[in-house]
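Structure first, commentary second.
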Amino acid sequence: MEFIDKLNIYREKINASLDEVLKVQEPKLLYEPMKYIIEIGGKRIRPILCEIFYRMFNGEKDKVLYPALAIELLHNFTLVHDDIMDDDDKRRNKPTVHVKWDLAVGVLAGDGVISLAYKVLLKEKYESCDHINRIFTEGLLEVCEGQGFDKEFETRVDVTEPEYINMIDKKTSALLAVSAKIGAACANVDNELIEIGNQYGRALGLAFQIQDDYLDIAGDEKLLGKTYGSDVQKGKKTYLYIKAKEKLTGEDLYKFNEIIEKENVTREEILTVRDIYDRNGILDDTNNEIVRRIDLAKEAIEKLSKNYDTKELKEFTEYMLNRKF
């Protein structure tokens, strides 16, 4: 079976299970937006990664389902609040929750989703329940810390690459690390193997976020599913922004600063920034960094290859590297 077919099977199972835990309830003003958040869709990569780690360590079939669903709900909670904080109007080509309803409903729905995540997490009992709950809760706090750093960066023009890497390690990588670690912990393996899962998830998450920065301006707009060039419009401190500040000189630097400091950036100006990135090798630098982080993830996989079947994890890693949106 092709790996993409396996992914689709995983997604169908996850989506069906999410539908089950999100049956229509009262009050509608809470549960309809919550259901809308989930039904928008998504790649479901975090619960899939959780299941891959669980299966790799010979966990019982389907016994990781509820923790995997909880991770996906946690992820969707972060998206709702992230959209509010960034004032994004589209998510996966559909209106964001706070746009479709209003700001108050968006906050309430996000709170409802994270509450449901904990309810789902606690449905199944494991030998390492306390450890699993701690991984989940620490991951949630770390994501919030990352979002806090991201907001702080909005008022700064001197963000360094190490600061940026620390921010996305918390905001994005933490949740992929949680997925791998909980999958391993549910299979009741030792802490050394859980730590390798952490290393893998951290490396993959950094690659994933830097890739997201890249696709925001260099990806296929029709596939992107969110506002094209939104990072430039918001003046976000992305990997490309930081590299531009390091490398640009003369007219390109002047034009870049002029555009990113504007309140209302046009599509033509976004394309100008893309051209500046391209001509100055910043797109290539970003791609190289993505590959470097993926290679670190592969190093973590090799630590497992002597004793476990890592074929599916390797396929998952390649899939992540080659995504277009």
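Structure summary
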item	result
Segments 23-34, 45-56, 205-216, 74-85 sorted - mean Cβ within 10 Å per residue, highest first	45-56, 205-216, 74-85, 23-34
Distant alpha-carbon pairs in the stretch 199-325 (separation over 25 angstrom), percent	32 percent
Solution diffusion estimate, µm²/s, Stokes-Einstein, the stretch 3-145, Kirkwood Rh from C-alpha pairs, 37 °C, viscosity 0.692 mPa s	209 µm²/s
Longest to shortest principal axis, alpha-carbon extents of the stretch 11-91, angstrom	42, 29, 16
Burial ranking of peptide ranges 231-243, 128-140, 168-180 (average Cβ count within 10 Å, highest at the top)	168-180, 231-243, 128-140
Cleavage-rule hits (GluC sites (Glu not before Pro)) in the stretch 144-222: DSSP loop, at most 16 neighbouring Cβ within 10 angstrom	E154
Added length on full extension, which subtracts the Cα-Cα distance from 0.36 nm per residue, K303 to D275	6.0 nm
In the stretch 269-325, trypsin sites (Lys or Arg not before Pro) in a DSSP loop with at most 13 other beta-carbon atoms within 10 Å	K306, K324
The stretch 74-208: projected area of the alpha-carbon convex hull, averaged over directions, in nm²	9.1 nm²
Distance violations [Cα-Cα > 23 Å] among K63/K181; K94/K123; K90/K245; K43/K125; K63/K119	K94/K123; K90/K245; K43/K125
Degrees between helix 191-218 axis and first principal axis of the chain (Cα, 0 to 90, nearest 10)	30 degrees
In the stretch 262-325, lysine pairs with alpha-carbon atoms under 26 angstrom apart (chain gap of 8 or more, or interchain)	9
Rg ratio (alpha-carbon, reference 2.2 N^0.38 Å) - the stretch 151-254	1.30
Whole-number Å³ per residue for the convex hull built on Cα positions in the stretch 3-321	126 Å³
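Throughout, read-outs are computed from the coordinates displayed, never taken from laboratory work. Keep in mind that this is a model prediction, so the values were computed, not measured. With ideal geometry, Cβ positions are generated from the backbone for all residues, glycine too; neighbour counts draw on all protein chains shown.
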